[in-house]
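Derivation of every value follows stated rules applied to the coordinates shown; laboratory data play no part. From a predicted model like this one, the values you see are computed outputs, not experimental measurements. Glycine also receives a Cβ, built like all others from the backbone with ideal geometry; neighbour counts cover every protein chain displayed.
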Amino acid sequence: MSHSLRTLDDGAWVSVDDRREAGASELWRVRSVCDCVVGDLLVEGVVDVGVDGRAVTARVAGRCLTCDRETVTGHLPVGRVVEGSYRPLATGAVRAPPNVE
Amino acid sequence: MPTDVERWKSETYGNEIREHLYEFAEEGWESIPDDEHDAWFERFKWWGLYHQRTGQESYFMMRIGTPNGVLEPGQTEVVAEVAEEYATGPAENPEFGNGYVDWTTRQSIQLHWIKLEDIPEIFDKLDAAGLSTQQACGDSWRNIVGCPVAGKDNHEHVDALPVAKGLNETYKGHEDHTNLPRKWKVSVTGCREGCGQGDINDLAFEPATAVRNGEELKGFNIRVGGGLARNEPRIARDLDVFVDSEEAIEVGGALSALFRDHGDREDRFSARMKFLVDEMGAEAIRELLQEEYVDFELDHAGEDLRSEYSYNAGRANGGHADHVGVHEQKDGTYYVGLNVLVGRMGAADTRELARLADKYGSGEVRVTQRQNILITDVSEADLDALLGEPLLADYSPDPSPFMRGSVACTGTEFCSLSIVETKNRQVRYARWLKENIDLPSGVEDFHIHLSGCTASCAQPQIADISLRGMKTRKNGEAVEALDVGLGGGLGEHPRFADWVAQRVPADEVPGAIANLLAGFEDRREGEETFREFVERTDEETLADLVVPEETDYDDPYMHNTKLTWYPYAEADGMDEGPAPTDRDGVSLADD
Ligand code: HEM
Ligand code: SF4
Ligand SMILES: [Zn+2]
């Protein structure tokens, strides 16, 4: 089954199948994005979206509330497709670029 | 690869969108196929409709473009009527009630909670009054801004209104200029104060005098590539071109065509004119314009009036910094500028405004880029009676500087990009400052602009105090916060604010401003303005003066207002709102 995936409203949202699933103003816990072991990233805009296996990913512009780093991230997971439907990542999940551990 | 937006635009864009809108309106919200939402909502923007944020599905923001901010006699009443009848939502705003008009920083009008099903009726009413939502959003000519008293101002250099109107009539709906790579914001200024704010627009016409055939000729210099959004603010750059009023229309279209052909359609983040000017340079753009887009020899820039600019400039040079108050027009009548706090006015008040404009003036109302409104053409004999009207107690022609200086964008109430609540918060800030703080003597203008995100719709970077939405942690909780910037302003030498304090919890911002103003008063030299003080003070000292502090100011919006369906609702959880709803506002069970 094919899905549509895009940024919407010039970076306000990650849109999956024409539903606004993630976006600006969210707080994400992140690894390997800033100087913190686990950073507290305020998402200010979605720059790009992608797919990695079953994971839906996004590159976002934002700022870490702990170390103050302003950055555009690599692809971070926002959710995954399970049995044909999209499931967002839990709010508190720690996100990291797939190739970093 | 072309972006999705470019693909959708190449399929259906421009005037034809209106027919589709009417079909969807007829069939109802649910007739928009689920997998075509993104495409249609992008297209609807061209007709001035912006789908509201998550939690408010099926409701739209509607923008009405009023060229140069002019509402002709009769139009204000229709705006009030539409707001009253169609712009009411499922919950009240505690400051503004239900059904209100936003006068915007680009001299337009915004209404919220509009139902798709009501659009044909609304368009009928607007059409009949000569009002339009066409191209108010989307990738094309946006509402043209300018000095709101063009044609009336006692001292203006040249009447720019015919140029603003001419550009609007020529290029709104013009097929060749329908689909641009990105928005195209145009400003036309003819006055000496710089009220058109050309420096923050894609294309600016600025008052100037050139010598042609040995004779002095009044007209405009052209600047290009200004804009505030996305942490990449740019001041428009001098194109070294002078035009008279007629040439202005032609060259405006030529520059829009140049942008259409050369702007970046691969990446929306670098599509705006400001980036094309970065890339090519103003000189190369001038050459290209001359070679391929105009068929007469362009004049070089004439003598400008920039040294006199006072609007949003933070200088006490004798010119006005806004249009609030009573001012004489060149025909001997007066305009009365009313302060509309954060630009929002209830529908009933808007109706009363229309009545007062009819009774005491010509019926005309004008909107300024500081979210205020003007009643024009009032004869001297009627001034006192107008000033005594009850409406003017709420929308004062002589407000506290903190009321007068407040500008705020839409924020989390409706906007997808926003990080914090804005308008209601700014209303509370202004009230608290008015009650608790005295400005140093002689300081009459003090501008505080609050934007919910870096898109900068409230033009924060050109205020005395610049506020921008952020978040921080306070006692372990994520709370709404603001970055604080200083030193911005327009004028002869425009400058954008430096962000000297980051992530100040929103409830500590009034305290921070109070402390900063106390520091200013202590260190002030002579009669200097706040901007002048900031300019001669180093950034470290300034940062030290911004001391965040809790006060008796109370902020009811500290929690993450974006996680609510509506920040002021009794039950505000994302799943507790009724959206999407049917044509009568009844909740449609979500699949
Ligand atoms: C990609 C998204 C957006 C960007 C980049 C953006 C950017 C801007 C900028 C830069 C301005 C004017 C400042 C200037 O003169 O340069 C502006 C105006 C404005 N924007 Fe936005 N904006 C966006 C979305 C929105 C949304 C979703 C809303 C509300 C629902 C909104 C509301 C406003 C208002 C009220 C104004 C002033 C009115 C006018 O254009 O007439 N904006 N926007
Ligand atoms: S500045 Fe940001 S939050 Fe405010 S209206 Fe514009 S896009 Fe929305
Ligand atoms: Zn960090």
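Size of segment B:326-394: Rg and Dmax of its alpha carbons, in Å, are 11.3, 32.
Set against the 2.2 N^0.38 Å expectation for a compact globular protein, the protein assembly as shown has a Cα radius of gyration ratio of 0.93. What percent does the relative contact order of segment B:326-394 come to when contacts are Cα pairs within less than 8 Å and at least six residues apart? 35 percent. Among B:K330, B:K165, B:K9, a tally of other beta-carbon atoms within 10 Å of each Cβ gives an order, fewest to most, of B:K330, B:K165, B:K9. When the Cα convex hull of chain B is projected onto planes of every orientation, the mean area is 26.9 nm². Annotation: lysines with alpha-carbon distance below 18 angstrom to B:K125 (same-chain offsets under eight excluded): B:K115. Per residue of A:23-36, other chain Cβ atoms within 10 Å of the residue Cβ number 3 on average.
Counting only helical runs of four or more DSSP H residues, what would the 222 nm mean residue ellipticity of chain B come to if each run contributes -39,500 (n - 2.57) and the total is spread over all its residues? Numbers along the way, then the final one.
On the way: 17 runs with 165 residues, N = 591.
Helix contribution divided over all residues of chain B: -8000 deg cm²/dmol.
Here the Kirkwood formula, the inverse mean of 1/r across different C-alpha pairs, assigns segment B:150-308 a hydrodynamic radius of 15.7 Å.
Kindly identify segment B:219-316 as rounded, prolate or oblate by the Cα gyration tensor criterion: order the square roots of the eigenvalues as a ≥ b ≥ c, call it rounded if a/c is under 1.5, otherwise compare a/b with b/c, prolate if a/b is larger, else oblate. Judged from the Cα gyration tensor, segment B:219-316 comes out oblate (a/c at least 1.5, b/c at or above a/b).
Near B:G487, once Lys and Arg are set to +1 and Asp and Glu to -1 for all other residues with Cβ below 9 Å from its Cβ, the sum equals -2.
Sorting the Cα pairs of chain A by distance into bins of 5 Å, from 0 upward, gives 3, 14, 26, 26, 18, 9, 3, 1, 0 percent per bin.
Across segment B:403-559, the relative contact order, built from alpha-carbon pairs under 8 Å that are at least six residues apart, equals 19 percent.
Neighbour counts of C-beta atoms inside 10 Å place B:R230, B:R106, B:R473 in the sequence B:R473, B:R230, B:R106, starting with the fewest. Taking max minus min of the alpha-carbon positions on each principal axis, segment B:446-562 gives extents of 42, 30, 21 Å, largest first. With only the Cα atoms considered, segment B:181-221 has a convex hull volume of 62 Å³ per residue.
Can you pull the percent of Cα pairs in segment B:346-454 with separation above 25 Å? It works out to 34 percent of all Cα pairs. What does the charge add up to near B:E16, with Lys and Arg as +1, Asp and Glu as -1, over the other residues with Cβ less than 14 Å from its Cβ? So the surrounding residues net to -1. Cross-link reach is defined here as a Cα-Cα straight distance under 16 Å, omitting same-chain residues fewer than 8 places apart; for B:K474 the aspartates and glutamates meeting it are A:D40, A:D68, B:D483, B:D507, B:E508, B:E549, B:E550, B:D554, B:D555.
At an R0 of 45 angstrom, the distance between the Cβ atoms of B:I437 and B:N213 translates into a FRET efficiency of 0.20. For B:K185, the lysines whose Cα comes closer than 25 Å to its Cα, not counting residues fewer than 8 places off in the same chain, are B:K9, B:K45, B:K152, B:K165, B:K172, B:K218, B:K274, B:K423. Its relative contact order, with pairs defined as Cα atoms under 8 Å and 6+ residues apart, puts chain B at 13 percent. For segment B:89-220, what does the alpha-carbon gyration tensor say about shape, rounded, prolate or oblate, given a ≥ b ≥ c as the root eigenvalues, a/c under 1.5 as rounded, and a/b over b/c as prolate? The shape class here is prolate.
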